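The values are calculated or read from the model by the stated rules, or taken from the named source; none is laboratory data. It should be emphasised that the depicted structure is a prediction, and the values quoted were computed from it without experimental measurement. Don't worry about glycine lacking a Cβ; one is built from the backbone with ideal geometry, like all the others, and counts go over all protein chains shown. Protein only, heavy atoms only, side chains kept; ligands, DNA and RNA dropped before computing areas. Shrake-Rupley method; radii C 1.70, N 1.55, O 1.52, S 1.80 Å.
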Amino acid sequence: MAQSKTAGKPPEQTAFSEAEIAVHWKDEGYFEPSPKFIGQANFTDPGWFEKFSLDHIPECFREFGDLLSWDKYWNTTLDTSHAPFYRWFVGGMLNASYNCIDRHLGQYKNNAALIFQSESEADPPVAITYQELYVRVNEMAALLKDFAGLKAGDRVTIHLPMTPELPITMLACARLGVVHSVVFAGFSGEASGQRIADSQSRLLIGIDTYYRSGKLVDHKPAADLAYEEAKKEGKAPEKVLLWKRFKDRYASSAPIVEGRDYLIDDLLPKYRGREVAPVSMPADSPLFLMYTSGSTGRPKGVQHNLGGYLAYATAMSKYYQDIHPNDVYWCTADIGWITGHSFIVYGPLALAATSVLYEGVPTFPDAGRVWRIAEHLGVNIFHTAPTAIRQLRKLGPDEPKKYHYHFKHMTTVGEPIEPEAWRWYYHTVGKDEAVVIDTWWQTETGGILTSTAPALHRMKAGSTGPGVLGIHPIIYDDNGKVIPPGSNRAGFICIQAPWPGLMATIWGDPDRYVKTYFQKYNKKAGSTDWRDWPYLAGDTATEAADGYYRILGRMDDVINVAGHRLGTKEIESACLTVPEVAEAAVVPVADDLKGKVPEIYVALRVGVPPSDEIKKKVIAAIEMQIGKIARPKAVWIVADMPKTRSGKIMRRILASISNTLPVGDISTLANPDIVEQIRVDVQRPKPGAPK
Ligand code: WTA
């Protein structure tokens with residue numbers, strides 16, 4: 001089915017961190033979506049791209065707002081009077097929990113809203129119908145309101161794994177207009193505590209235990225650590241509410257702290273059958289915060305507002321994920337990341353679909369697990385990340401063939417996908433039947449920015465596609481000159497016009513919002529015209545002659561590990577908590593499975609001899625302060641860091657050494673000799689390693 005190849009020069013090398021070591025793939029051939037897919041697709045009118053052209057912004061986005069049910073219709077689609085702080089659907093009032101649950105009860109109350117699959121294969125899947133979701137969300141909302149005294153605008157930190165209690169808690173918050181801040185369960189207690197403090201959350205909601213890779217993880221100690229961390233900053237939450245993984249027992253080793261910790265499952269019977277009216281909230285009030293890494297040490301609380309976010313997540317789910325009410329849709333992301341918010345919870349539920357929730361890791365207990373789940377549940381839309389694709393392919397290249405599932409649509413998201421891995425996904429996982437979309441977007445953008453439209457565009461391995469409806473990318477060079485469209489030359493990808501999914505601000509730090517995302521290419525300070533404020537995504541990219549974008553990597557100090565964003569500054573500051581360490585530098589290293597992994601360089605305080613003990617301490621500090629996902633591939637103790645004359649550590653050089661690439665010109669360094677010393681040490685053949 002492969003079609004013509006477009007000729008194209010390989011993209012030029014850019015000179016920035018991750019992109020510098022990005023792989024540059026040759027241009028690939030095309031694949032067509034099947035007539036069967038096109039025949040049933042939600043988005044088949046190519047005329048819509050004209051309807052969403054730059055001239056039609058912002059009114060074209062009415063189409064997205066109209067997918068929701070409003071208590072009061074808006075009067076202004078977009079208010080730019082404080083650009084780049086945009087307000088969408090101003091004057092409109094609505095509730096997210098109503099849109100994801102109540103409005104479906106008439107037609108779909110007996111459909112499964114969620115199907116939960118425990119990691120333990122002995123446990124059968126549990127379907128939660130829209131009716132049951134309604135009951136459970138109402139009871140939880142009643143508890144949050146009456147027991148915890150929460151009201152609209154309050155914040156709650158939720159540190160929960162992938163069990164139904166997580167979406168139920170989120171939707172209960174949304175029902176009350178309470179702002180949730182979900183922290184990925186794999187993050188440490190300390191990381192959760194910092195987020196409680198920053199958001200000034202009134203509650204922390206956790207769970208006793210959960211399954212991960214065949215083990216029961218004791219999660220309650222993380223709540224204790226989080227509480228202590230927030231308390232240190234003078235921001236202790238009022239209460240800690242805990243779910244029980246097994247309803248008949250409390251399974252954690254950590255004791256319940258009297259007067260502070262409460263077991264939700266024990267309190268809930270008091271609220272049995274209680275209904276709480278959804279609180280009608282302004283479209284431009286916050287729905288949730290999601291902390292993400294950036295170039296400075298402190299993670300930032302990306303604030304998404306109700307109307308714009310929900311409209312955008314719903315529209316992307318409908319037109320790009322092709323979700324219909326009777327689809328069984330499975331996104332393997334964790335709800336603790338933005339992909340899970342938009343494409344497990346809010347988008348699919350707003351469309352009355354069935355969303356699968358899987359507790360565990362995709363390869364447990366073997367590489368066929370994912371395909372067994374897909375077959376058993378009749379999943380027809382599948383959504384995952386390159387890391388999982390690479391891993392499933394490595395461990396079980398022929399497994400998908402053994403199972404009788406049929407996907408109509410598949411998504412890849414989170415990192416660039418190698419054409420080889422893409423082809424396996426398409427041919428073997430998708431059985432040459434499913435359309436594949438490669439969606440590029442970010443926590444900050446609420447939903448997809450670039451992708452092929454599944455029924456309208458041809459697919460091309462390794463490229464994401466053109467801008468989605470209403471998204472108009474542009475690539476600038478470092479000096480603000482536009483890189484000619486279609487030239488395959490790398491630069492900084494920006495979005496020209498605002499869209500409803502764009503974050504509203506950074507929680508408590510509006511200056512950082514402007515500085516990080518808009519300052520670099522702002523055309524006129526103080527302007528209220530959105531044309532003056534291109535959104536800087538922070539990725540380097542190229543655009544091919546066919547208008548498809550290829551994302552090369554981050555331009556800032558962010559490492560994308562297995563599709564998860566980690567700030568190098570966060571990792572470095574964890575290293576510096578080890579008393580023996582004087583300086584630390586983190587660099588991304590290419591990894592066959594995870595895309596990139598961090599490698600650490602540390603210089604010790606004067607007089608401290610290097611030892612394996614110190615390396616272990618560095619690793620322990622990272623796991624403690626961030627979580628196991630940030631665990632480095634290696635820790636190198638160096639006599640000194642390569643530095644510029646002004647004393648800046650040259651991470652670029654360390655990254656080249658770690659990736660066995662040429663170090664380039666080092667003549668301007670203050671200490672060029674150190675480079676060779678480090679290189680010999682790091683690249684020395686490992687004992688026992690094949691030559
Ligand atoms: C990267 C995840 C290449 C990119 C939704 C972006 C991608 C960062 C893709 C955001 C893709 C995401 N191809 N790179 N399809 N999707 N990225 O905030 O560097 O966790 O800036 O959002 O992931 O990560 P985040």
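All conditions but one from (1) of a type in the set (Ser, Thr, Tyr); (2) within 25 Å of the chain's Cα centre (by Cα); (3) within 30 Å of Asp55 (Cα to Cα) apply to Thr568; the one that does not is (3). Exactly one residue among Ser573, Ser527 is of a type in the set (Ser, Thr, Tyr) and open to solvent by 30 Å² or more (accessible area, probe 1.4 Å), and that residue is Ser573. The single condition among (1) under 21 Å from Pro348 (Cα atoms); (2) surrounded by fewer than 16 Cβ atoms within 10 Å (Cβ to Cβ); (3) of a type in the set (Ser, Thr, Tyr) that Ser317 does not meet is (2). May I ask you to list the residues in the range 376-398 that are open to solvent by 20 Å² or more (accessible area, probe 1.4 Å) and closer than 21 Å to Ser118 by Cα? Passing the criteria: His376, Leu377, Gly378, Asn380, Ala385, Gln391. Going by what's in this entry, would Gly547 be described as more than 22 Å from Ala504 (Cβ to Cβ) and modelled with pLDDT under 95? No, not satisfied. In the set Ala455, Ala497, only one residue is more than 16 Å from the ligand (Cβ to nearest atom), closer than 17 Å to Tyr535 by Cβ and of a type in the set (A, V, I, L, M, F, W, C); that residue is Ala497.
Return a yes/no flag: does the range 566-580 have any residue that is closer than 30 Å to His383 by Cβ and in contact with an Asp or Glu (Cβ under 7 Å, 6 or more places away or on another chain). Checking the range 566-580: at least one residue is closer than 30 Å to His383 by Cβ and in contact with an Asp or Glu (Cβ under 7 Å, 6 or more places away or on another chain).
Here's the yes/no breakdown for (1) in contact with a Phe, Trp or Tyr (Cβ under 6 Å, 6 or more places away or on another chain); (2) closer than 24 Å to Glu229 by Cα; (3) in contact (Cβ under 8 Å) with a residue 12 or more places away in the chain; (4) surrounded by fewer than 16 Cβ atoms within 10 Å (Cβ to Cβ):
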site: Asp612; (1), (2), (3), (4): no, no, no, yes
site: Lys617; (1), (2), (3), (4): no, yes, yes, no
site: Ala634; (1), (2), (3), (4): no, no, yes, yes
site: Met641; (1), (2), (3), (4): no, no, yes, no
site: Arg652; (1), (2), (3), (4): no, no, yes, no
site: Leu661; (1), (2), (3), (4): no, no, yes, yes
site: Ala670; (1), (2), (3), (4): no, no, yes, yes
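Exactly one residue out of Ala537, Ala541, Ala582 is at negative phi, open to solvent by 10 Å² or more (accessible area, probe 1.4 Å) and among the aliphatic types (A, V, I, L, M), and it is Ala582.
Could you tell me which residue of the range 458-481 is nearest to the ligand (Cβ to nearest atom), considering only residues that are of a type in the set (Ser, Thr, Tyr) and part of a loop (DSSP other than H, G, I, E, B)?
Going through the range 458-481, the residues of a type in the set (Ser, Thr, Tyr) turn out to be 463-464, 476.
If we keep only those that are part of a loop (DSSP other than H, G, I, E, B) as well, we get 463-464.
Working: Ser463: 9, Thr464: 5 Å.
This residue is Thr464.
Filtered by the rule that a residue be open to solvent by 10 Å² or more (accessible area, probe 1.4 Å) and of a type in the set (Phe, Trp, Tyr), the range 408-455 gives Trp424, Trp440, Trp441. Here Tyr309 meets each of (1) open to solvent by less than 20 Å² (accessible area, probe 1.4 Å); (2) over 16 Å from the mean Cα position of the chain (by Cα) with one exception, condition (2). Just checking, does the range 546-561 include any residue being more than 27 Å from Gly186 (Cα to Cα), within 16 Å of the ligand (Cβ to nearest atom), touching a residue at least 60 places away in the same chain (Cβ under 8 Å) and within 21 Å of the chain's Cα centre (by Cα)? Yes; the residues of the range 546-561 include at least one that is more than 27 Å from Gly186 (Cα to Cα), within 16 Å of the ligand (Cβ to nearest atom), touching a residue at least 60 places away in the same chain (Cβ under 8 Å) and within 21 Å of the chain's Cα centre (by Cα).
What strands (runs of 3 or more DSSP E), lying completely within the range 369-449, carry at least 1 residues that are within 16 Å of the ligand (Cβ to nearest atom) and among the charged types (D, E, K, R)?
Working: elements: 381-384, 409-413, 435-439.
Output list reads 435-439.
Does the range 63-79 include one or more residues that are more than 21 Å from Gly465 (Cα to Cα), modelled with pLDDT of 95 or more, β-branched (Val, Ile, Thr) and part of a strand (DSSP E or B)? Yes, the range 63-79 has at least one match. Going through (1) within 16 Å of the ligand (Cβ to nearest atom); (2) within 17 Å of Thr452 (Cβ to Cβ) one by one, Ile344 falls short only on (2).
Sort out which residues of the range 486-511 are of a type outside the set (A, V, I, L, M, F, W, C) and at pLDDT 95 or above, and write them in order of number. Before you say what the answer is, go through the steps one by one.
As a first pass, look at the range 486-511 and keep what is of a type outside the set (A, V, I, L, M, F, W, C): 486-489, 491, 496, 498, 500-501, 505, 508-511.
Those that are of a type outside the set (A, V, I, L, M, F, W, C) and at pLDDT 95 or above: Gln496, Pro498, Pro500, Gly501, Thr505, Gly508, Asp509, Pro510, Asp511.
Can Leu654 be described as more than 25 Å from Arg684 (Cβ to Cβ) and under 29 Å from the mean Cα position of the chain (by Cα)? Considered against the rule, which asks whether it is more than 25 Å from Arg684 (Cβ to Cβ) and under 29 Å from the mean Cα position of the chain (by Cα), Leu654 comes out as no.
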